[in-house]
Amino acid sequence: MRNLDKLKGAILDKFGTYTKFSEASGYSPPAISQKISGKVRFTQDDIEVWAGLIGIKKSEYGEYFF
């Protein structure tokens, strides 16, 4: 089981709400919810888009997405 708390915190720190993150990312709120709850896995494209928006370095991907 993955712990995505750090990712959730980074999203909220940067965007304030998941809705604002949804608008910035182009992902629907349900898609974001499924991914941050661990129900749906992140694709490499997801990781790159999300990391770019949040400001996560490639060397930190493991801390946030896995």
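The values are calculated or read from the model by the stated rules, or taken from the named source; none is laboratory data. It should be emphasised that the depicted structure is a prediction, and the values quoted were computed from it without experimental measurement. With ideal geometry, Cβ positions are generated from the backbone for all residues, glycine too; neighbour counts draw on all protein chains shown. In case anyone asks, the SASA skips ligands and DNA or RNA and just uses the protein heavy atoms, side chains included. Shrake-Rupley method; radii C 1.70, N 1.55, O 1.52, S 1.80 Å.
Mind checking the dipole of the chain: about its Cα centre, +1 per Lys or Arg Cβ, -1 per Asp or Glu Cβ, Debye to the nearest 20?
That gives a dipole near 140 debye.
Let me check something: with ligands and nucleic acids excluded, how do Asp46, Asp5 order by accessible area (1.4 Å probe), largest to smallest? Working shown, then result.
Numbers: Asp46 10, Asp5 95 Å².
So, going from the largest accessible area down, we get Asp5, Asp46.
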Using a probe of 1.4 angstrom, how much of the accessible area of the chain is carbon and sulfur, in percent?
51 percent
Obtain the nm distance between the two label points defined at Glu48 and Lys6 by a simple spin-label model: each point lies 7 Å from its Cα along the Cα-to-C-beta direction.
2.2 nm
From the C-alpha gyration tensor of the chain, pull out the three semi-axes of the equivalent ellipsoid (sqrt of 5λ each), sorted largest to smallest, in whole Å.
16, 14, 11
Express the accessible area of the chain per residue in Å², computed with a 1.4 Å probe while the remaining protein chains stay in the model.
63 Å²
